[in-house]
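Heads up: the structure comes next, in structure tokens.
The values are calculated or read from the model by the stated rules, or taken from the named source; none is laboratory data. What you see is a predicted model; the values in this text were computed from it and never measured. Using ideal geometry, Cβ is built from the backbone for each residue, glycine included, and neighbour counts are taken over all protein chains shown. For the accessible areas, the whole protein counts, side chains as well, though only heavy atoms, and no ligand, DNA or RNA atoms are used. Shrake-Rupley method; radii C 1.70, N 1.55, O 1.52, S 1.80 Å.
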Amino acid sequence: MALRDVLLSVAQTPHRLRRRALVTWTPAQELNEVRDRSGARMARRLEWYDLVGLGVGGMLGAGVFVTTGRVARDTAGPAVFASYVVAGVSALLSSFCYAEFAVRVPVAGGAFSYLRVTFGEFVGFFGGANILMEYVLSNAAVARSFTDYLASTCGVTEPNAWRVEVEAIAKGYNALDFPAVALILLLTACLCYSTKESSTLNMVLTAFHLLFFAFIIVAGFWNGSARNMVTPGGLAPYGVRGVLDGAAVVYFSYIGYDSASTMAEEIRDPARALPVGIAGSVLIVSALYCLMSVALCVMLPYTEITESAPFSSAFRDKAGWRWASNVVGAGASIGIVASLLVAMLGQARYLCVIARARLVPAWLAKVHPSTGTPMNATIFLGLCTASIALFTELQIVFEMISIGTLLAFYLVANALIYHRYAKVGATRPLHVLLFLLLLTLSSVGFSLSRRIDGKWRWGMALFGAMSVAVVAIFHCTAQQGAAGPPSEWTVPLMPWPAAASVFLNVFLMTTLKMRSFQRFGIWSLVITIFYVCYGVHSTYTAEENEIVNAMIHDANADILS
């Protein structure tokens, strides 16, 4: 591009932002015109049970083996199971919102597509970029955890024994994890080959993984003591605040159901399979997470739980059960592979659809004609994930995980309410936006009141009652949008489930540490700058070209006629 064109584009940035930032697409456009930009289409080869398997496989390995030990020891104590309950309820409500959108807009873009058809291009890009960040970071964290459990399977107890430490690199980034990199690259190659075969591999891995879960739960309860749940310090030594803070940390364990929604283009019967696959997998995994966390805490007092491979360590430290440590290490390793497989499947489809929208380079949107997979996006994100997993320790990665996911799920819940009542229904948009603003402000007030001790307890009651009143008034005054054809699945009892999702996501975000918000702020600035410098110009130029091409086509048609 010539320097003159660059300067002209920079000068027109404000005008282009006004034209593009709030532009929305219809579901029909997403399903046809936008999807066609990938060239070949993704093959529809998946059934509802594939989706359940992908959802369960995507969630099981990520959370319980990576965060449970840390949260039990440092944040929630033996009540870590309650943290999983809170996070699970929030994830279930969010999954309902995702399921309805996935049925209405069955494309691979997940939150990006749902937000773009509702709130416009910039909000969609902002939400989609945050989900992508969460995917890459959580996959890197899970891959590094794989090294810990694989070493435990072989009887190695030193956390960094299979990593290469380089003194010349800053601490926290100097333990190079080559096994994690090898795993990511292997799975990247598998995902480039075929989605159906990847789903079959996931089903096999998940079946073995569930057997290991059953072994850990039964053996843990058999070998443990209920006394460890209350000694020392009681069931919740860090109080209710610790349980809620723990819920925000373990929430990233549920990102796998989001992966299931990105498979919408590859499912034979989206209207039936998506609600079953998304919500069903969340329910199954929530129950297993709770049982696993209780099994861990009955085996050892929470003060003795280790950060690295906590389940293997718990069995290894119990007399007569050292052999089980190797079994648990093998089972955890299999579960982590399944989790990574599904998460990497989802992240590539997010990037593919963002590229279809021309917000990132278009070559990332290409679907390979013979494999039916977004190969370019899969390879690019695989390399990004491998790079982070090679250098970055878990603690640094954990500080960025959850906040982007919570924000994206918060936006999707708001989008569902707006789509139902303003875009599809007859209720005025300003009325809906005012409701969403009041709901968010009352949720923030409740959440901040909880963090202030003493006299501010009354604030929780005040803002909690205000949140309920705002939803009740809106429910009574707003006109429900058209639910769509009878064959489509919709969230029942609206707007209450979506409003509860908004409330819980705001609540969990406020429990995160300040460093999470600082790093999130930096990432948000990067997203915004990228959109202003590249995304808005790319989409604006493409739109102009399409208009010109359409005019030329019409002129030629008139001449020929």
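Things worth noting here:
- Residues satisfying the stated conditions in segment 364-384, i.e. out of contact with any Lys or Arg (no Cβ under 8 Å at 6 or more places or on another chain) and part of a helix (DSSP H, G or I): 364, 378, 379, 380, 381, 382, 383, 384
- Qualifying residue in segment 173-194 (condition: surrounded by fewer than 20 Cβ atoms within 10 Å (Cβ to Cβ), modelled with pLDDT under 80, of a type in the set (Gly, Ala, Ser) and more than 24 Å from the chain's Cα centre (by Cα)): no
- Boolean, residue 324 is modelled with pLDDT under 80 and farther than 22 Å from residue 228 by Cα: no
- Sole exception among (1) open to solvent by less than 10 Å² (accessible area, probe 1.4 Å); (2) farther than 19 Å from residue 247 by Cα for residue 94, by number: (2)
- Subset of segment 231-268 [without any contact (Cβ under 8 Å) to a residue 12 or more places away in the chain and open to solvent by less than 50 Å² (accessible area, probe 1.4 Å)]: 239
- Helices (runs of 4 or more DSSP H) wholly inside segment 242-350 that include at least 2 residues being under 30 Å from residue 155 (Cβ atoms): 270-299, 310-316
- Verdict on residue 126 being touching a residue at least 40 places away in the same chain (Cβ under 8 Å), closer than 22 Å to residue 436 by Cα and open to solvent by 10 Å² or more (accessible area, probe 1.4 Å): yes
- Check on residue 83, farther than 30 Å from residue 235 by Cβ, part of a helix (DSSP H, G or I) and hydroxyl-bearing (Ser, Thr, Tyr): no
- When each of 80, 89 is tested for being open to solvent by 10 Å² or more (accessible area, probe 1.4 Å), β-branched (Val, Ile, Thr) and modelled with pLDDT of 75 or more, the lone residue that passes is 89.
Yes/no matrix, rows are residues, columns are (1) of a type in the set (Gly, Ala, Ser); (2) modelled with pLDDT of 80 or more:
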site: 498; (1), (2): yes, yes
site: 501; (1), (2): yes, yes
site: 533; (1), (2): no, yes
site: 542; (1), (2): yes, no
site: 556; (1), (2): no, no
site: 561; (1), (2): yes, no
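- When segment 208-230 is filtered for residues that are open to solvent by 70 Å² or more (accessible area, probe 1.4 Å), in contact (Cβ under 8 Å) with a residue 24 or more places away in the chain and under 11 Å from residue 298 (Cβ atoms), the ones remaining, listed by number, are 221, 226, 230.
- Some residue of segment 154-169 being acidic (Asp, Glu), over 30 Å from residue 100 (Cβ atoms) and in contact with a strand residue (DSSP E or B) (Cβ under 6 Å, 6 or more places away or on another chain): yes
- On inspection, residue 104 qualifies as of a type in the set (D, E, K, R) and open to solvent by 10 Å² or more (accessible area, probe 1.4 Å).
- Test result for residue 329, under 16 Å from residue 216 (Cβ atoms) and either touching an Asp or Glu at 6+ places or on another chain (Cβ under 9 Å) or of a type in the set (S, T, N, Q) (or both): yes
- Scanning segment 308-340 for residues being touching a Phe, Trp or Tyr at 6+ places or on another chain (Cβ under 6 Å), among the β-branched types (Val, Ile, Thr) and open to solvent by 20 Å² or more (accessible area, probe 1.4 Å) gives a total of 1.
- Residue list for segment 358-389, filter: modelled with pLDDT under 85, open to solvent by less than 40 Å² (accessible area, probe 1.4 Å) and farther than 27 Å from residue 24 by Cβ: 371, 372, 373, 389
- Unmet requirement for residue 271, which otherwise passes all of (1) in contact with a strand residue (DSSP E or B) (Cβ under 9 Å, 6 or more places away or on another chain); (2) surrounded by fewer than 24 Cβ atoms within 10 Å (Cβ to Cβ): (1)
- Some residue of segment 134-153 being part of a loop (DSSP other than H, G, I, E, B) and open to solvent by 40 Å² or more (accessible area, probe 1.4 Å): no
- All conditions in (1) open to solvent by less than 30 Å² (accessible area, probe 1.4 Å); (2) modelled with pLDDT under 80 hold for residue 201, with the sole exception of (1).
- In segment 474-484, of all residues being assigned to a helix (DSSP H, G or I) and under 14 Å from residue 417 (Cβ atoms), the one that is modelled with the lowest pLDDT corresponds to 477.
- Taking segment 390-402 as the range and being in a helix (DSSP H, G or I) and modelled with pLDDT under 80 as the test, the residues that pass are 391, 394, 395, 396, 397, 398.
- Of all residues in segment 287-307 being among the hydroxyl-bearing types (Ser, Thr, Tyr) and surrounded by fewer than 20 Cβ atoms within 10 Å (Cβ to Cβ), the one that is farthest from residue 48 (Cα to Cα): 303
- All conditions but one from (1) farther than 17 Å from residue 253 by Cα; (2) modelled with pLDDT of 80 or more apply to residue 318; the one that does not is (2).
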